[in-house]
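The structure under discussion appears below in the form of structure tokens.
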Amino acid sequence: MKRRRSVRVRIALACAGLFLVTGGALVAVTYALLDNGLANSALPITKIEVDPQLLARCKTTDLSKNLNLETKCKAAFSAGAVAGAKQQGQNALDQLLTNSLASLGGLTVVAGGVGWALAGRVLRPLKAITEAARRASEHNLTDRIALQGPKDELKELADTFDGMLDRLDAAFASQRRFVANASHELRTPLTVMRTAIDVTLAKPSRDPAQLESMALEVRQAVDGAEKLIDALLTLARSDRGPTGTEFVDLATAAEDAIDATAAHLAAADITVHSELHPAELHGDRVLLERMVANLVQNAARHNVPHGWIRLDTGHRDGQAWLIIANGGRSLPADAVPALFEPFRRLHDRVGSDHGVGLGLSIVRSLATTHGGSVEGRALPDGGLEITATLPVTSGPAAQTYWSDPSTTSER
């Protein structure tokens, strides 16, 4: 396979070729214009036959007495002068052409050299980008190009590459944190189970009550591990994207999620205010229902006794949306984005009944998988409000739905 020339060589050859073509055209046009100008300015040539006797008589005869002979002599002189001028002009054109072609060849070489030097200067940032790409790896994403200079294509390329390295660095850092946290979370229930079993077995005499207590602790640890594994599987599935699309109504999913948490809501005396207007879209039913369920469970779990939940759904401008707000402890505004990171809790760590720390990260991942977004904000009186917005691709959900007071309910 023939090896391609480098970009620098091709730029130099392109500069030399361009100069050669344009210079050759300039030489050709100049030569044609001079040739045409000399031809138009030449005196008319008259073909005259001069015999030797006429020439001899011209030397000895008084031309003033023989006008005919004088005319012929003048014509002969004029013809010789024109012929000499024409020959001289042709010689000048030939010399001009020779010198022009020689100069064109030399300057073409110079143009190629200048193109080579300029190409090296212009392509120098690309060399820096290449070296940075070679240095980049999973364990070394800290180097940046930081190209200085005018805002041109190469500066934009370097800035884009730096931005890509920033995103990769953040992604790898997030992945390392996720793996470390997941390992810690998975190890915790195993430690609880082992401790409960070891403590029970270490007793010389074990009665049924002690064995039952140990079994309950092990069962609770198993339930916690099962929830964590289920959350991790859901998060992994959301990263793969929807496996199929169908009509899903977020309002129906919200009603089902509220029904599923009714016992917890009743035990904590939490009141639910809902305005569920149709919010249909195309998507993966299982993933979207899990997203809504996580939002409702999060609002119920991180609430206060005798608290409240407000849940609204609707459709506007080709977007299906769901807004859920709940009462609770006050949250710093700058801490809200961290709640959507895996295993991030503000008040509780492992071993609590406040979930495994993956609920909102799963919600964000599921929304992103469907081309949507999730935003949260801390409420002034305590609690959190989360807005999930998802695009509607096609179908009946593309039409505008109007609020129907009959759909408003309170639980």
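Nothing in this text is a laboratory measurement; each read-out follows from the coordinates by a stated rule. This one's a predicted model, so the numbers in the text were calculated from it and none came from an experiment. All Cβ positions, glycine included, derive from the backbone under ideal geometry; neighbour counts span all protein chains shown.
Can you work out the Karplus-derived ³J(HN,Hα) for every residue in the range 302-315? Use 6.51 cos²θ - 1.76 cosθ + 1.60 with θ = phi - 60°, whole Hz, and x for glycine or proline.
Working through the residues one at a time gives 9, 9, 10, x, 6, x, 8, 9, 10, 10, 10, 9, x, 9 Hz.
Between the DSSP loop rule and a limit of at most 12 other Cβ atoms within 10 Å, which GluC sites (Glu not before Pro) in the range 130-219 are left? Provide the component values of the computation, followed by the final result.
On the way: sites: 131, 138, 153, 156, 185, 212, 217; in loops: 138.
Within the range 130-219, the qualifying GluC sites (Glu not before Pro) (loop, at most 12 other Cβ atoms within 10 Å) are 138.
Taking the mean number of other Cβ atoms within 10 Å as a proxy for protection, how do you rank 143-152, 158-167, 8-17 from highest to lowest?
On the way: 143-152: 11.7, 158-167: 14.8, 8-17: 16.6.
My ranking of the peptides, most packed first, is 8-17, 158-167, 143-152.
Sorting check: for 224-230, 285-291, which peptide has the highest mean count of neighbouring beta carbons within 10 Å, and how do the rest follow?
Working: 224-230: 16.4, 285-291: 21.6.
Top of the packing list down: 285-291, 224-230.
Find which of 286, 208, 268 sits farthest along the positive direction of the dipole of the range 183-322, computed with +1 on the beta-carbon of Lys and Arg, -1 on that of Asp and Glu, about the Cα centre.
Of the listed residues, the answer is 208.
Can you pull the one-decimal nm distance between simple spin-label points at residue 142 and residue 267, each 7 Å off the Cα toward Cβ?
The modelled label-to-label distance comes out at 4.9 nm.
If I model a spin label at residue 191 and residue 317 as a point 7 Å from the Cα along the Cα→Cβ vector, what separation in nanometres do I get?
Here the answer is 4.8 nm between the modelled labels.
State, to one decimal in nm, how far the label point of residue 107 lies from the label point of residue 9, with both points 7 Å from Cα in the Cβ direction.
Computed distance between label sites residue 107 and residue 9 equals 2.8 nm.
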